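The values are calculated or read from the model by the stated rules, or taken from the named source; none is laboratory data. None of the values given here were measured: they were computed from a predicted structure. Every residue, glycine among them, receives a Cβ derived from its backbone with ideal geometry; neighbour counts consider all protein chains shown. Keep in mind that these areas ignore ligands, DNA and RNA; they rest on the heavy atoms of the full protein, side chains included. Shrake-Rupley method; radii C 1.70, N 1.55, O 1.52, S 1.80 Å.
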Amino acid sequence: MSLESLFKYIDQHKKDYIERLAEIVAIPSVSAEITKRQDVVRMGEWLKDELERLGAKTKRVDPGMQSIEGQEIPYPPVILGSLGEDPNKKTVLVYGHYDVQPALKEDGWNTDPFTLTESNGRLYGRGSTDDKGPVLGWFLMIEAHQKLGIELPVNIKMCFEGMEESGSEGLDEVIEQEANGWFKGVDCVCISDNYWLGRNKPCLTYGLRGVSYFRIVVTGPGADLHSGVFGGAVHEPMTDLIHLMSKLVTPQGKILIPGIMDEVAPLTDEEKATYSTLDFSIDDLQSSIGAQNNIYDDVPNTLMARWRYPSLSLHGIEGAFYNPGQKTVIPAKVSGKFSIRTVPDMTVEKVTEIVSDYIKAEFGKLDSKNQLFVECMHAGRPWMSSPNHWNYVAGAQAVKKVFGLEPDLTREGCSIPVTLTFQEVLQKNVLLLPVGACDDGAHSINEKLNVSNYIEGIKLLGAYCHELATVKKTD
Ligand code: BES
Ligand code: ZN
């Protein structure tokens, strides 16, 4: 079948598609903020209604309760969908997330983050690229088929969650429960929740890093103290904490925890060669970070640092004084947060053990009478797929149909916890098929999705289904 009429229809509906994206960007479905939980739920219900409008069977699964800041609140629902049950067609499982990162205009946005704003071919708004644009892309691709009377060439199962940005809590259990239920008969999985390596060329992604998120808590006095009255006479928790946090990583990005590299898979010459063949430049990197503060000046070392070696980032200190102005306080309790992005073949158990042992040993050297508590708050493992699988062949052919190009094969430094769960629980191949570009600024201020990436992305998701239908299934 020629995809020409489908592509033409999608081009003609650009304006409508942008309005539809605006409608969901306006729902501030921030999973990290309790006060927004109702909006997250509302967003999930919007997707369920929309799926039903498309004629899909749906199911709402509520994964239970979350304890947060001493309160119990329900997790947002997992929305399952199913369209088509033709035994002669392949079945693809599509995953996306409908929650977004927090955003405040005061953080430095040029426009209101929850009002989709078009400017210079770009659609600015929280969630535009991560992940509302791609999620809506699946719906619009299905709708376009229906409006044109073109039969969908595959059966589509869907799984949309509202806790991805907060570690996908509760989702693994749902997948395990539904492995032989809702997800029965799935042949392959596709996720559109990452970005092109550069700004111009599409890619298929076959690897993600894991993440282990830690908290170091130091407590001392019974309450916050006046620094004029007690300064000099007490062990200050913040001083201990800053000292400990400074022992984790160097300004050159070298992790200082002994043994952290022990489990990292060695680099082969064959793998090394792949980093020089990709459509990516230091210019692309600088455009994505909006500065020139890159550690490496060459592409291979930059990509290896992002994809195949662990990194450690310091995120924040809870309990520290942070308002403008001066407050002469000695905080009584502070929690330092940091995370380590992990790579094959690092294990969660070993990382947790060496990190806690090291921090405790360093704290011991301080001779402080304060108390220390270290915990791993959340851990997800790294993921690698087989890029030679027929699922990737279909993805590559779809890219060719839409863009006339061979996609780059990439890995990513970020994490999407569910990729590994799908692979291990369903025993099926998972493909990451990105829609957005490298400079979209997911999680940052002024997040955007280019109009062209959005529209071509809808075509790409449609073309992928058609290529899946014709590609030879070998396992
Ligand atoms: N869409 C991102 C994942 C991503 C970002 C993949 C960039 C590839 C390139 C996703 O929404 C995300 O941010 N995930 C979190 C997961 C974490 C909370 C477990 C992440 O990586 O920080
Ligand atoms: Zn995302």
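One table, with the values for the structure above:
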{"read-out": "Test for V334: is it within 22 Å of P258 (Cβ to Cβ), modelled with pLDDT of 95 or more and either open to solvent by 60 Å² or more (accessible area, probe 1.4 Å) or in a strand (DSSP E or B) (or both)", "value": "no"}
{"read-out": "Residue count, the range 94-110 (criterion: more than 10 Å from ligand 1 (Cβ to nearest atom) and within 18 Å of the chain's Cα centre (by Cα))", "value": "5"}
{"read-out": "Lone qualifier among R122, R199 - being of a type in the set (K, R), away from ligand 1 (no atom under 12 Å from the Cβ), within 23 Å of the chain's Cα centre (by Cα) and modelled with pLDDT under 95", "value": "R199"}
{"read-out": "Selection count, the range 104-134, where residues are in a strand (DSSP E or B) and of a type in the set (A, V, I, L, M, F, W, C)", "value": "1"}
{"read-out": "Contacts under 9 angstrom Cβ, first residue in the range 258-283 being more than 23 Å from V351 (Cβ to Cβ), partner open to solvent by 60 Å² or more (accessible area, probe 1.4 Å) and part of a helix (DSSP H, G or I), 6 or more apart", "value": "Y275/N301"}
{"read-out": "The range 401-430 residues that are over 26 Å from D99 (Cα atoms), paired with ones that are within 15 Å of ligand 2 (Cβ to nearest atom) and modelled with pLDDT of 95 or more (beta carbon under 7 Å, 6 or more apart)", "value": "none"}
{"read-out": "Any hit, the range 135-143, residues being closer than 17 Å to H466 by Cβ, assigned to a helix (DSSP H, G or I) and open to solvent by 10 Å² or more (accessible area, probe 1.4 Å)", "value": "yes"}
{"read-out": "Unmet criterion (only one of (1) open to solvent by less than 60 Å² (accessible area, probe 1.4 Å); (2) within 23 Å of G198 (Cα to Cα); (3) in contact with a strand residue (DSSP E or B) (Cβ under 9 Å, 6 or more places away or on another chain); (4) not in a loop (DSSP other than H, G, I, E, B)) for L278", "value": "(4)"}
{"read-out": "Residue list for the range 442-452, restricted to those being in contact (Cβ under 8 Å) with a residue 60 or more places away in the chain and of a type outside the set (A, V, I, L, M, F, W, C)", "value": "H443, N446, E447, K448, N450, S452"}
{"read-out": "Residues that are part of a loop (DSSP other than H, G, I, E, B) and crowded, with 22+ Cβ neighbours inside 10 Å, drawn from the range 183-226", "value": "F183, S192, D193, N194, W196, L197, G198, P202, R209"}
{"read-out": "Inter-residue pairs, beta-carbon under 6 Å, first farther than 18 Å from D345 by Cα and free of Cβ contacts under 8 Å to residues at least 12 places away in the same chain and in the range 197-217, second more than 13 Å from ligand 1 (Cβ to nearest atom) and open to solvent by 10 Å² or more (accessible area, probe 1.4 Å), 6+ apart", "value": "none"}
{"read-out": "Options L152, L148; residue that is open to solvent by 30 Å² or more (accessible area, probe 1.4 Å) and farther than 30 Å from F214 by Cβ", "value": "L148"}
{"read-out": "Selected residue [touching a residue at least 24 places away in the same chain (Cβ under 8 Å), among the aliphatic types (A, V, I, L, M), surrounded by 13 or more Cβ atoms within 10 Å (Cβ to Cβ) and in a helix (DSSP H, G or I)] from L80, L47, L93", "value": "L47"}
{"read-out": "Wholly within the range 394-475, strands (runs of 3 or more DSSP E) carrying at least 3 residues that are open to solvent by less than 10 Å² (accessible area, probe 1.4 Å)", "value": "429-432"}
{"read-out": "Leading residue by the ranking (least open to solvent (accessible area, probe 1.4 Å)) among those in the range 50-77 that are over 22 Å from the mean Cα position of the chain (by Cα) and among the charged types (D, E, K, R)", "value": "E50"}
{"read-out": "Number of positions in the range 403-416 that are more than 22 Å from G210 (Cβ to Cβ) and out of contact with any Gly (no Cβ under 9 Å at 6 or more places or on another chain)", "value": "4"}
{"read-out": "Residue ID - surrounded by the most Cβ atoms within 10 Å (Cβ to Cβ), chosen from residues in the range 366-393 that are in contact with a helix residue (DSSP H, G or I) (Cβ under 9 Å, 6 or more places away or on another chain) and in a helix (DSSP H, G or I)", "value": "N391"}
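Yes/no per residue for (1) within 30 Å of N88 (Cα to Cα); (2) open to solvent by 30 Å² or more (accessible area, probe 1.4 Å); (3) more than 16 Å from ligand 2 (Cβ to nearest atom):
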| residue | (1), (2), (3) |
| --- | --- |
| G127 | no, no, no |
| G162 | no, no, no |
| D172 | yes, yes, yes |
| E178 | yes, no, yes |
